[in-house]
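Remarks on the structure that follows.
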Amino acid sequence: MPKIAEIEDTPNPNAKKFILKEPLTWGITHSYDNAGEAEDDLLAASIFDIEHVTNVFYVDHWLTVTQDGRADWKELLHRVADRIRAAPAAREQSARLTAAAAAIPPIDLSPGDQQRLYMINGLLDEQIRPYLQGDGGDLHVIGLEGNRLTVHYQGACGSCPSSMSGTLVSIEQLLKTIEPEIEVVAV
């Protein structure tokens, strides 16, 4: 039963970030855009049972909930907090989550492209993801085809207007320092 340390605003007015005193996961991200995607995740499914919730994203010590803009935050926060407190902490579910993460197939790339992707992810880990995570979101690399990198925003970043414009341009400019011809596309 994770305890909530703090609830923070995010740059997205329709998203709030819950900071927890103990982790929900050990580094495994969970991002869902609807109840159907979350049906196998008890915590996320229970949050989607709350009217107006449009996205649930969590990893380690924090969880971000996005709503459709029609809910009263005060009431919604209480209902989400109850669901978080009822969830198992990471130590209770780590074996199941680790097995599920290991079952995800790797991206099918040539050895050269695997090295490129490794360098790209290293730069994203170092200079982009900490800021996105600080705002209640994250970025997942979907694929690399030629000079086109496909990414998916998670959590508060998923529906934030600035993530699709300014942030995406900044990410592309940063990656051009190691891949001058790269094009970054968000899906």
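The values are calculated or read from the model by the stated rules, or taken from the named source; none is laboratory data. Note that the structure is a prediction, hence the values are computed from the model and not measured. Ideal geometry is used to build each Cβ from the backbone, glycine not excepted, and the neighbour counts take in all protein chains shown.
Numerical summary
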| quantity | calculated |
| --- | --- |
| Test result for residue 117, modelled with pLDDT of 85 or more, touching a helix residue (DSSP H, G or I) at 6+ places or on another chain (Cβ under 6 Å) and closer than 23 Å to residue 173 by Cβ | no |
| Enumerated helices (runs of 4 or more DSSP H) restricted to region 109-187, each holding at least 1 residues that are without any contact (Cβ under 8 Å) to a residue 40 or more places away in the chain and more than 30 Å from residue 20 (Cβ to Cβ) | 111-127, 168-175 |
| Residue count for region 47-62, restricted to those that are out of contact with any Gly (no Cβ under 7 Å at 6 or more places or on another chain) and either in a loop (DSSP other than H, G, I, E, B) or modelled with pLDDT of 95 or more (or both) | 10 |
| Any hit, region 19-27, residues being touching a residue at least 40 places away in the same chain (Cβ under 8 Å), farther than 18 Å from residue 156 by Cα, aromatic (Phe, Trp, Tyr) and surrounded by fewer than 18 Cβ atoms within 10 Å (Cβ to Cβ) | yes |
